[in-house]
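Step one of this worksheet: look at the structure below.
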Amino acid sequence: MVLKAFKLRLYPNKAQRNQILVNFGCVRFVWNQMLNMQIERHKNNKDAKYQNHFAMNNMLKALKLEFPWLKQADSTSLQNINRDLDDAFQRFFNPKLKNGFPKFKSKKNATQSYTTKLVNNNIQIIDKHHFKLPKLGLVYFRAGRLLQGKIKSVTIRINSQNQYEASVLVESENQAFNKTGKVVGIDLGLKDLIITSDGHKETIFKADEEINRKLKIWERKKSRRYELAKQAMAFDKHDKVLVPRTDLKQFPRYQQAKRTVAKLKRYIVNQRKDKLHKLTTKLVKKYDVIVVENLNAKNMMQNHHLAKAIANASWGMLVTLLEYKCAWYGKTLIIVDPENTSRICFECKQKNHEFDNLSQSEWLATREWICPNCYAHLDRDINASKNILAKGLATLN
Ligand SMILES: [Zn+2]
């Protein structure tokens, strides 16, 4: 387990901004009350024992009874301020540190902040741009890299430009992978999902036949039941029945088929996801720099096959996964324009103009070629991935 610190920008809505201000106030109030209590105790009895943060947390209950509005605050933030005060006292008690006596906090202090801590799932990452925080609910944020793992604490503050910021402490199993000194270019293909510049190919994921067969059967059932339901509704209308069926929801057999199809599709998608996760982790572990082509240009390739649709989905996900895993594991991902990467000879860097007159299908069918300039014998995809790598490395200098 490693702890990672993230800094991110928060975009709270109006109600959330109010709640944040309430929290600042409550936290400040508790700090001042507890500090005052410690001072008064000492004044009354020089031998009175100092109260540590556990003792102060116990006093919180009484404080909340006396000042019920404290219940508006995120309770973990109140406990956290007790710990901060305890730390301040410990530093003061330590003669080596020469820290001054803890000071009262004022509204006029430059930095207002509060810290919320993970207790019973009160903090959750929802997606790339949202997390759930106690008392605030779903908060929108923007971070430079993907927030992943288990959030241990979040400190919210308003900076000098009046922006809302958060420092987030995340616990995760991930660590940066060791540097290997290896670089790779990756060509994305239809038959092979990826072809690397060192000649490695990975076939595109296909669901096993049993699942595909089941899916086909249920898709057929679904469309048949859909037609039957439509007919039944038309008959009801035509026969002017008392309570005509008008909604597909009234046809349980159709609904059942619909659910089964969705379930099977979800299963296949999850299998594909799982495979892509394993593949991308392997790549990020093995290489320090990974260069892939920009997908937008690739999508313009015309081909209305199912295989193409699957490839599209896989490519998109592959690049997304590589993007965040590279950031996460301390590796580099470079995305380059794929223009001409398949048509230039990697050996002599000359473009093969013999390709200019080929039709789309002829061009796609060309798996290997011999360079008319230097006579190198080239595998179309490996040659492309080598060019992609060279293009990417060129941008590094
Ligand atoms: Zn050549």
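The values are calculated or read from the model by the stated rules, or taken from the named source; none is laboratory data. None of the values given here were measured: they were computed from a predicted structure. Because the Cβ atoms are built from the backbone with ideal geometry, glycine has one as well, and the counts that use them run over all protein chains shown.
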- Within the stretch 329-368, the residues that are within 12 Å of the ligand (Cβ to nearest atom) and within 19 Å of E293 (Cβ to Cβ) are R343, I344, C345, F346, K349, K351, N352
- Note on the structure: Out of (1) buried (at least 18 other Cβ atoms within 10 Å of the Cβ); (2) in contact with a Leu (Cβ under 8 Å, 6 or more places away or on another chain); (3) not assigned by TED's automatic domain parsing to the domain that holds G330, the one P134 does not meet is (2)
- Message: Looking only at strands (runs of 3 or more DSSP E) that lie completely in the stretch 46-165, which have at least 3 residues being of a type in the set (V, I, T)?
- Response: 150-158
- Being aliphatic (A, V, I, L, M) and more than 28 Å from the chain's Cα centre (by Cα), is that true of even one residue in the stretch 6-22? yes
- If the Cβ limit is 9 Å and pairs must be 6+ apart or interchain, which residue in the stretch 310-334 that is free of Cβ contacts under 8 Å to residues at least 24 places away in the same chain pairs with which residue that is among the charged types (D, E, K, R)? N312/K298
- Query: Going by the conditions given, is N383 in contact (Cβ under 8 Å) with a residue 24 or more places away in the chain and assigned to a helix (DSSP H, G or I)?
  - Reply: yes
- Item | Residue check, N373 at pLDDT below 95, near the ligand (Cβ under 10 Å from one of its atoms) and not in a helix (DSSP H, G or I) | yes
- Mind checking which residues of the stretch 245-268 are free of Cβ contacts under 8 Å to residues at least 24 places away in the same chain and within 16 Å of F205 (Cα to Cα)? R266
- Could you tell me which of the residues G189, G181, G144 is surrounded by fewer than 14 Cβ atoms within 10 Å (Cβ to Cβ), within 30 Å of T341 (Cβ to Cβ) and in contact with a helix residue (DSSP H, G or I) (Cβ under 9 Å, 6 or more places away or on another chain)? G144
- Message: Report every pair of residues separated by at least 6 positions or lying on different chains whose Cβ atoms are under 6 Å apart, first residue within the stretch 200-223 and touching a residue at least 12 places away in the same chain (Cβ under 8 Å), second outside any helix (DSSP H, G or I) and surrounded by 14 or more Cβ atoms within 10 Å (Cβ to Cβ).
- Response: K201/D192; K201/I195; E202/L193; E202/I194; T203/D192; I204/L193
